[in-house]
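Taking it in order: structure first as structure tokens, then the write-up.
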Number of protein chains: 2
Amino acid sequence: MNKRIIIVGGGFGGLNVAKALRNCPEIDITLLDRRNHHLFQPLLYQVAMAALSPADIAVPIRAILSGQRNISVLQAEVKQVDLQQQAVITDTDDSYPFDYLVLACGVEDSYFGHEEWEEYAPALKSIEQATEIRRRVLTAFEQAEQSKDPDRQKKMQTFVVIGGGPTGVELAGAIGEMSRYTLTRDFRNIDPGLTRIILVEAGPTILPSFSKPLRRQAVHDLERLGVQVWINSRVSRITAEEVEVGEERIRAATVLWAAGVRAPALNDNLPGEKDRMGRIKVEPDLSLPGYPNIFVIGDQAHALDPQDRPLPGIAPVALQQGRYLGRLLRAELQGKPRKPFRYWDKGQMATIGKSRAVTETHGLRLSGMLAWWAWLVVHIYYLSGFRNRILVLFQWAWSYLTYARGARLIIGKEWRRFSPKR
Amino acid sequence: MNKRIIIVGGGFGGLNVAKALRNCPEIDITLLDRRNHHLFQPLLYQVAMAALSPADIAVPIRAILSGQRNISVLQAEVKQVDLQQQAVITDTDDSYPFDYLVLACGVEDSYFGHEEWEEYAPALKSIEQATEIRRRVLTAFEQAEQSKDPDRQKKMQTFVVIGGGPTGVELAGAIGEMSRYTLTRDFRNIDPGLTRIILVEAGPTILPSFSKPLRRQAVHDLERLGVQVWINSRVSRITAEEVEVGEERIRAATVLWAAGVRAPALNDNLPGEKDRMGRIKVEPDLSLPGYPNIFVIGDQAHALDPQDRPLPGIAPVALQQGRYLGRLLRAELQGKPRKPFRYWDKGQMATIGKSRAVTETHGLRLSGMLAWWAWLVVHIYYLSGFRNRILVLFQWAWSYLTYARGARLIIGKEWRRFSPKR
């Protein structure tokens, strides 16, 4: 009988396991994901900031794997792993038995126990959240324009981004760019160029994984776009009206959360040691300790580099782990031994508005225009599909020339006109 | 003091009034719309059918009118016209006085008193509804694939489109094309090619405004895509499980409504005679009878052609009325007399899947490939903005070559992970 491999999650990790197993007719793969699409997370902030449309960076998982006959894709959420029965259980209580299991579910936002903040400060992990952020940001400008009350206008034109990692920096920079360049000529009553944008970071620096000169450059680039960086600033309260940072208070209509992530609840019921974020500490072959047929990869896992430092939660790690695991499984089915996973560090990058970025590769530091071109080439290269590459490139070129943002749509949450009778 | 012109609605009608008044510094225009975007309605069914993204056919109204200094755009919903005070009142109880008022609000869906059907049979007037329809159609295929119960699979793979006008025909044709061509290789458990699609029309024919040979051709084109046309079939009940058509019952998970529209509630409180759909019967200069400074244009109005037949509720009518009214107002401010509106009929068209359409212009009938090319050229020409033309053209070319649909995303309704505490 064919070996049954279950992959949970169609992100960079899960998808690359599946692809690496494409020429193995002797296995049956089932890929489960609660969404129907693979999402190119690194560009999600551009959907939130009205520069791209959701479909430009998301592709149906079953379309990507359409030609691969040994795989079936199901849209379902896995609730539990039954270690005894060697099966995964979905939210519809369906059970899928496996010979090998690959968990590649990624991480979720964490509000560090303040889940009531989510309502006022959406995070950025899904298309739904990106659309909600876009709606809030654009609506704030509309409401400022409508208002005749200067206090209300000021509140509407204040944006607080919490968290100074790459996502927070990219969001704050994009709001700066939108207010200073895109919106300038479109309003009569307010001046979008006077929008206040505050990037709040609890630690002593933004972009802590970058070297000091690049962090300085990033702060400078943010400031040129009207973003003020507040370090050593821990948020203590968020309401619909304001953000409390220690003793200070800022009235802001729009607050965005980019401050923390944690492993999904699925990890809680799995054995083995976990790190502070709930990620499972995996073996050198990425397997769950004690369960050589169960693997955890990508952001969901805590894996180590050769110097015993944990690998960062970024796309290249998940992608390389996926490819590695596909090769490992293929080799194992042919009776060959396992080799440990080795991460090949290609460096890191973050972008700050048009023509500005910082990149760092093995000590080679770039900033400004050159770094931005590097950022652009890398992101287009890794984007899935020729169609999406062309669409994204064209829209970037268009924005570059005109400063316009093509997806400036406020889309409501409700599609009905009549309320349903229940 | 400058004359104040209020335009309600940023569709084809309202936008063209505004544009026609661009070189008039002696007036102050305020354009109110409850949405921030102008929507190219004729292609909305392609958003619902995952061929295009919302932003490809929608543009912020304030971006379109950005360079026109005599206009300010506000996102607000008009609830009432105060004829005594000569002002419009918005849902936030703001009052905007006018010297001239242009009402161009379009129409809404009508369920003929069966508003409880909306929940089970969404209509297609807004981006929100298009996204909801896309979600339902794609989810139905996902759920059929997941199920092992043939009855459930059959229900999930049954689509009923109600209403045989251009929108219903285009929706049904697009579902047919998607199931027969786009999805064929992507599923393992079901055969999308056996999807049942039923187009239900209460009257004796689909596309009643077209001539008989073209209607026949349209039926034939629909059948080639697996759509069955049921004429003289009046829907009597819709539930989550099934559609009742007279004595007959069809179990269908997805039902779409394209059967009727009516004028917005705003019309109810305006004086003057209305037609069966609640549209106001306007004077030859498109003014409200008895109120020469208030105009009603586009779908919201019932205007007559020179043969005293009511003009159809289509984009070209609204567009020409908008341009006419802009010229009329400009002339009037210079003390010139009014001329009546004359509609220049350019004909009508509808498309049925790839390479198939029907068009009719002054007795010249086209169908098949040639009609489809005509349809394509006309729609690209009237689409707003160079950016969107390129994006739509590229995506059409891509779909044409690959049968793929680039926007096959199931996007949830909820962005939160944690439920809000109220």
Legend entry - Some residue of region A:202-209 being open to solvent by less than 10 Å² (accessible area, probe 1.4 Å), touching a residue at least 40 places away in the same chain (Cβ under 8 Å) and β-branched (Val, Ile, Thr): yes
Inset, instruction - Go through region A:64-94 and count every residue that is open to solvent by less than 40 Å² (accessible area, probe 1.4 Å) and under 16 Å from A:ASN16 (Cα atoms). - result: 7
Legend entry - Enumerated strands (runs of 3 or more DSSP E) restricted to region A:192-242, each holding at least 2 residues that are in contact with an Asp or Glu (Cβ under 9 Å, 6 or more places away or on another chain): A:227-230, A:235-238
Legend entry - Leading residue by the ranking (nearest to the chain's Cα centre (by Cα)) among those in region B:10-22 that are open to solvent by 10 Å² or more (accessible area, probe 1.4 Å) and not hydrophobic (A, V, I, L, M, F, W, C): B:GLY11
Legend entry - Pair list, Cβ under 7 Å, 6 or more apart: region B:407-421 residue charged (D, E, K, R), other residue modelled with pLDDT of 85 or more and not in a loop (DSSP other than H, G, I, E, B): B:ARG408/A:PRO60; B:ARG408/A:ALA63; B:ARG408/B:LEU138; B:GLU414/A:GLU128; B:ARG417/A:GLU108; B:ARG417/A:ASP109; B:LYS421/A:GLU116
Inset, instruction - From A:GLN143, A:GLN129, grab the single residue that is within 7 Å of chain B (Cβ to nearest Cβ), outside any loop (DSSP other than H, G, I, E, B) and either closer than 30 Å to A:TYR181 by Cα or of a type in the set (Asp, Glu) (or both). - result: A:GLN129
Inset, instruction - Output the residues belonging to region B:23-33 that are at pLDDT 95 or above and open to solvent by 20 Å² or more (accessible area, probe 1.4 Å). - result: B:ASP28, B:THR30, B:ASP33
Inset, instruction - Pull up region B:403-417, narrow it to residues that are open to solvent by 60 Å² or more (accessible area, probe 1.4 Å) and within 9 Å of chain A (Cβ to nearest Cβ), then point me to the one that is modelled with the highest pLDDT. - result: B:GLU414
Inset, instruction - Would you check if there is a residue in region A:40-52 being open to solvent by 10 Å² or more (accessible area, probe 1.4 Å), over 19 Å from A:HIS379 (Cβ atoms) and not hydrophobic (A, V, I, L, M, F, W, C)? - result: no
Inset, instruction - Name the one entry in A:LYS3, A:LYS79, A:LYS19 that is in contact with a Gly (Cβ under 9 Å, 6 or more places away or on another chain) and not polar (S, T, N, Q). - result: A:LYS19
Inset, instruction - Check off (1) open to solvent by 10 Å² or more (accessible area, probe 1.4 Å); (2) within 10 Å of chain B (Cβ to nearest Cβ) for A:ALA123 and give me the number that stays unchecked. - result: (1)
Inset, instruction - Scan region A:153-190 residue by residue and report those that are open to solvent by 10 Å² or more (accessible area, probe 1.4 Å), more than 14 Å from every other protein chain (Cβ to nearest Cβ) and part of a loop (DSSP other than H, G, I, E, B). - result: A:GLN157, A:GLY165
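The values are calculated or read from the model by the stated rules, or taken from the named source; none is laboratory data. The structure presented is a predicted model; accordingly, all values stated were derived computationally and were not measured. Glycine also receives a Cβ, built like all others from the backbone with ideal geometry; neighbour counts cover every protein chain displayed. Remember, those area values only see protein heavy atoms, side chains included, never the ligands or the DNA or RNA. Shrake-Rupley method; radii C 1.70, N 1.55, O 1.52, S 1.80 Å.
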